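Taking it in order: structure first as structure tokens, then the write-up.
The values are calculated or read from the model by the stated rules, or taken from the named source; none is laboratory data. Bear in mind that the values here come from a model prediction, so they are computed numbers and not experimental data. In this analysis, Cβ positions are derived from the backbone assuming ideal geometry, glycine residues included, and neighbour counts consider all displayed protein chains.
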């Protein structure tokens, strides 16, 4: 199994599937041996989580500007010094995604937008949302390269996101243009919160689709 595209310290998102529930956690790679990844044991609600042995795991690795996805199984939990660690044996091919394309959720949410050169606040709605940016619809006119501050609610918390307009798609009769906004210098915690929210919504949609089909 070739895991040479990964490196120690890479941030990872784990999706674990047990008999009764699904969970997702953010952690990082500590060691790579053949087809086994050793990661810091995730923390859930302030407590260290031991991934049940033989649990199926989907692992998504962020390395540079790329995103990789693979499947595996948890094979061990142990402590080394002050660190609690988990071992995951990869048992699938590694798929590669472009970061900006992978985490993109079609969703309509109200946003408040402030221009960098003005204190006026205008209203808009998201068209989609990703870890690196969003597309919004607004009757207000923006220009390519314009710096904006966008406020959006994520899981009950209002996030203020610095961004830059990178694309413009005209609307009908020059109203409701769609603007592609790239986020600027978001911290890892903010990106993790957005990505976790995206996973949560995607999983809920999949569950609902399964209920409808059944």
Can you find a residue in the stretch 69-89 that is modelled with pLDDT under 95, in a strand (DSSP E or B) and under 16 Å from the mean Cα position of the chain (by Cα)?
yes
Do the conditions hold for residue 134, that is, is it at pLDDT 80 or above and loosely packed, with under 13 Cβ neighbours inside 10 Å?
no
Positions within the stretch 15-53 being at pLDDT 85 or above and within 19 Å of residue 188 (Cβ to Cβ), in sequence order:
27, 28, 29, 30, 39, 40, 41
